[in-house]
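J.: Sending over a structure as structure tokens; questions will come in a sec.
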Amino acid sequence: MTVSTTSTVQHRKLPLSKVILRVIWITIGAILMATGLEIFLVPNKVIDGGITGISIMLSFLTDWKLGIFLFVLNMPFVFLGYKQMGKTFAYSTVYGIIVLSIFTSFFHPIPAFTDDILLATVFGGMILGIGVGLVIRNGGALDGTEILAIVINNKVPFSVGQIIMIMNIFILGTAGFVFTWDRAMYSLLAYVIASKAIDAVVAGLEGSKSVWIISDVAEEIGDAINARLGRGVTYLKGEGAYTGDNKKVIFSIITRLEESKLTTIVEEIDPSAFLAIADIAEVRGGRFKKKGIH
């Protein structure tokens, strides 16, 4: 006789304070994106990539409001996102797109801040990217292109990044026919700037780095990091695959400003130590707070 058991794992609901904070950040992000579009890019006939770029071109060709296309074209991808990433993502995305659509319509009558295309491209791309980054960091999205790329990723021999790049090359290239080729090149510049801004917001601005050190004098190095940098360290047990020797591995979190000093500390104590430093997107919890040093 076989007895089958079913276990259900229930997701914990977010505290109300965190839900409210997430809503606030998504609202701010959507408003920033609307600002970048309607106050800088769209009046100068510069577009962004993805569904946003298609919406801008359709709005220009039909004279309909941009917000209508942003809402209508993104909704099918939100449904796909619900299937792939769950209802929290879908709700956050729907809310963000609604706010974005409303504020693009609200900002549309406002004159552009500048007629200088380069300034509009740089500042529009930067503001738009910060807005999108805030929404992504808080569990949503403002453009369906990435959702589509994730969905079709398993069916084509390309990565998500490559799929997005191919789609955007096509979309940004189309801007040359709808507007002019110089506007298409400015659009490409705006897209690159926005991408960098998104990365900065999503990855964090603190520039935290993870540090891994393997040394025969691990404790001496760990004590020095604690005393001279004010950073806590964790000792892990490691074993050399070739030698079979047991080693202590030091793990710590530092900022990019402390990287040079940490390297100096390690070189002073053990010049032959193995040292690996990598960028890290976010640090939460634990005892990674910096102590005061004297």
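Throughout, read-outs are computed from the coordinates displayed, never taken from laboratory work. Because the structure is predicted, anything quoted here is derived from the model rather than measured. Cβ coordinates were reconstructed from backbone atoms using ideal geometry, including for glycine residues, and neighbour counts include every protein chain displayed.
J.: Rounded to the nearest 500, what is the chain's calculated 222 nm mean residue ellipticity when only DSSP H runs of at least 4 contribute -39500 (n - 2.57) each, over all residues? Could you put the intermediate results ahead of the total?
T.: Working: 10 runs with 163 residues, N = 294.
The helix-only estimate for the chain comes to -18500 deg cm²/dmol at 222 nm.
J.: Let me ask something else. Just to check I understand the Karplus step: with θ = phi - 60° and J = 6.51 cos²θ - 1.76 cosθ + 1.60, what whole-Hz values come out for segment 59-67, glycine and proline as x?
T.: The phi angles translate into 4, 5, 6, 9, 6, 7, 5, 4, x Hz.
J.: Quote the relative contact order of segment 73-169 in percent (integer), defining contacts as alpha-carbon pairs under 8 Å separated by 6+ residues. Don't skip to the answer; put the middle values down first.
T.: Numbers: 60 pairs, mean separation 35.7, N = 97.
The value is 37 percent.
J.: Right, another one. What relative contact order, as a whole-number percentage, does the chain give when Cα pairs under 8 Å and 6 or more residues apart are counted? Walk me through the numbers before you get to the answer.
T.: Numbers: 442 pairs, mean separation 57.7, N = 294.
Once divided by the residue count of the chain, the mean separation gives 20 percent.
J.: How do the peptides 238-251, 264-277 rank, highest first, by the average count of neighbouring beta carbon atoms within 10 Å per residue? Numbers along the way, then the final one.
T.: Values: 238-251: 11.6, 264-277: 13.8.
Top of the packing list down: 264-277, 238-251.
J.: Could you tell me what % of all Cα pairs in segment 1-150 have separations over 19 Å?
T.: Numbers: 6023 of 11175 pairs.
That fraction is 54 percent.
J.: Here are some pairs, Lys209/Lys248; Lys13/Lys155; Lys18/Lys87; which of them have Cα atoms lying more than 24 Å apart in this structure?
T.: Details: Lys209/Lys248 20 Å; Lys13/Lys155 34 Å; Lys18/Lys87 17 Å.
In this structure, Lys13/Lys155 lie more than 24 Å apart at Cα.
J.: How large is the convex hull of the C-alpha atoms of segment 70-139 per residue, in Å³? Can you show the working numbers first?
T.: On the way: hull volume 6.6 nm³, N = 70.
Here the figure is 94 Å³ per residue.
J.: When ranked by the protection proxy of mean other Cβ atoms within 10 Å per residue, highest first, what sequence do the peptides 110-119, 44-53 form?
T.: The peptides rank, most packed first, as 44-53, 110-119.
J.: First select every other residue whose beta carbon is under 15 angstrom from the beta carbon of Val249; then total the charges, Lys and Arg +1, Asp and Glu -1. Intermediate values should be presented prior to the final figure.
T.: Numbers: positive: Lys237, Lys247, Lys248; negative: Asp216, Glu219, Glu220, Glu239, Asp245, Asp270.
Net of charged neighbours comes to -3.
J.: By average Cβ neighbour count within 10 Å, what is the ranking of 140-152, 75-87 from highest down? Mind dumping the intermediate values first?
T.: On the way: 140-152: 21.8, 75-87: 15.4.
With the highest mean Cβ count within 10 Å placed first, the list reads 140-152, 75-87.
J.: Mind putting a number on the dipole of the chain about its Cα centre? Charges go on the C-beta only, +1 for Lys and Arg and -1 for Asp and Glu, and I need it in Debye to the nearest 20.
T.: Values: 25 positive and 23 negative charges, 232 e Å.
Rounded to the nearest 20 debye, it is 1120 debye.
J.: Report the local net charge at Gly125: Lys and Arg +1, Asp and Glu -1, summed over other residues whose C-beta lies under 11 Å from its C-beta.
T.: 0
J.: Report the one residue of Val122, Phe106, Ala227 whose Cα lies farthest in the direction of the positive end of the charge dipole of the chain (charges on C-beta: Lys and Arg +1, Asp and Glu -1; origin at the Cα centre).
T.: Most positive-ward Cα: Phe106.
J.: Determine ³J(HN,Hα), in whole Hz, for all residues of segment 221-227 in sequence, where each value follows from phi through the Karplus function 6.51 cos²θ - 1.76 cosθ + 1.60 and θ = phi - 60°; x replaces Gly and Pro.
T.: Result, rounded to whole Hz: 5, x, 5, 5, 4, 5, 7.
J.: Right, something else. Projected onto the charge dipole of the chain (+1 at Lys/Arg Cβ, -1 at Asp/Glu Cβ, origin at the Cα centre), which of Leu16, Ala184, Val151 gives the Cα projection farthest towards the positive end?
T.: Leu16
J.: For Ile225, Ile20, what's the fewest-to-most ordering of other Cβ within 10 Å of each Cβ?
T.: Details: Ile225 24, Ile20 11.
Fewest to most other Cβ atoms nearby, the residues stand as Ile20, Ile225.
J.: Provide, for q = 0.07, 0.08, 0.14, 0.16 Å⁻¹, the log10 of I(q)/I(0) from a solvent-free Debye sum over equal Cα point scatterers in the chain.
T.: -0.40, -0.50, -1.00, -1.13
J.: Have a look at Arg22, Arg183, Arg228 and tell me which one the Gaussian network model of the chain (Cα, springs below 10 Å) gives the largest fluctuation.
T.: Among Arg22, Arg183, Arg228, the largest GNM mean-square fluctuation belongs to Arg228.
J.: Any idea how far the Cα center of segment 211-258 sits from the one of segment 161-176, in Å?
T.: That distance is 45 Å.
J.: Can you tell me the relative contact order of segment 131-282? Whole percent, Cα pairs under 8 Å, sequence separation 6 or more. Kindly include the intermediate steps, with their values, before the conclusion.
T.: Working: 175 pairs, mean separation 37.5, N = 152.
Rounded, it is 25 percent for segment 131-282.
J.: Now for a different question. Sorted from fewest to most neighbouring beta carbons within 10 Å, what does the list Ser195, Ser101, Ser210 look like? Mind dumping the intermediate values first?
T.: On the way: Ser195 18, Ser101 22, Ser210 14.
If I rank by nearby Cβ atoms, fewest first, I get Ser210, Ser195, Ser101.
J.: Rounded to whole Hz and in sequence order, give me ³J(HN,Hα) for segment 123-138 from the Karplus expression 6.51 cos²θ - 1.76 cosθ + 1.60, θ = phi - 60°, writing x for Gly and Pro.
T.: In residue order, the calculated couplings are 6, x, x, 5, 5, 4, x, 4, x, 4, x, 4, 5, 4, 5, 10 Hz.
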